[in-house]
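Before any comments, here is the structure.
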């Protein structure tokens, strides 16, 4: 039995050493995966922010163009029909003041 114990002791130490190395390798791998996930998440976040910024810019341009066209249409209406425009503005102001003063 003592031969068996003397032969298995170095083997057990080797297995323990291998398990220790494996534990360190797994810890290192987990750290690398975590770092990669952080970098990838950061990149994805930046891509999303860029898309949102682009869409917001497009929306701003669309609203700006429509506002400009609306202002031009109102100006044209006022120039074509100044009396009715004045009456409409007076009526809208009167109604708005009545709503506000309540």
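Each value in this text was obtained by applying a stated rule to the coordinates, not by laboratory testing. Nothing here was measured: the structure is a model prediction, and the numbers come from that model. Cβ placement follows ideal geometry from the backbone for every residue including glycine, while neighbour counts extend to all protein chains displayed.
Odds and ends about this structure:
- Computed over the chain with a Gaussian network model linking Cα atoms closer than 10 Å, the most mobile of 91, 56, 27 is 91.
- With R₀ set to 35 Å, the beta-carbon distance separating residue 74 from residue 48 gives a calculated FRET efficiency near 0.35.
- Spin-label model, residue 11 to residue 35: label points 7 Å out along the Cα-to-beta-carbon direction sit 3.9 nm apart.
- Taking the longest Cα principal axis of the chain as reference, the axis of helix 82-101 is set at about 60 degrees.
- Ellipticity estimate at 222 nm from DSSP helix runs (n ≥ 4, -39,500 (n - 2.57)) divided over the chain, nearest 500: -36500 deg cm²/dmol
- Averaging 1/r over every pair of different alpha carbons in the chain and inverting the result gives a Kirkwood radius of 22.0 Å.
- With a Förster radius of 30 Å applied to the C-beta separation of residue 98 and residue 67, the computed FRET efficiency comes to 0.60.
- A Förster radius of 35 Å, combined with the Cβ-Cβ distance separating residue 89 from residue 59, puts the computed FRET efficiency at roughly 0.75.
- Angle in degrees between helix 2-80 and the longest Cα principal axis of the chain, rounded to the nearest 10: 10 degrees
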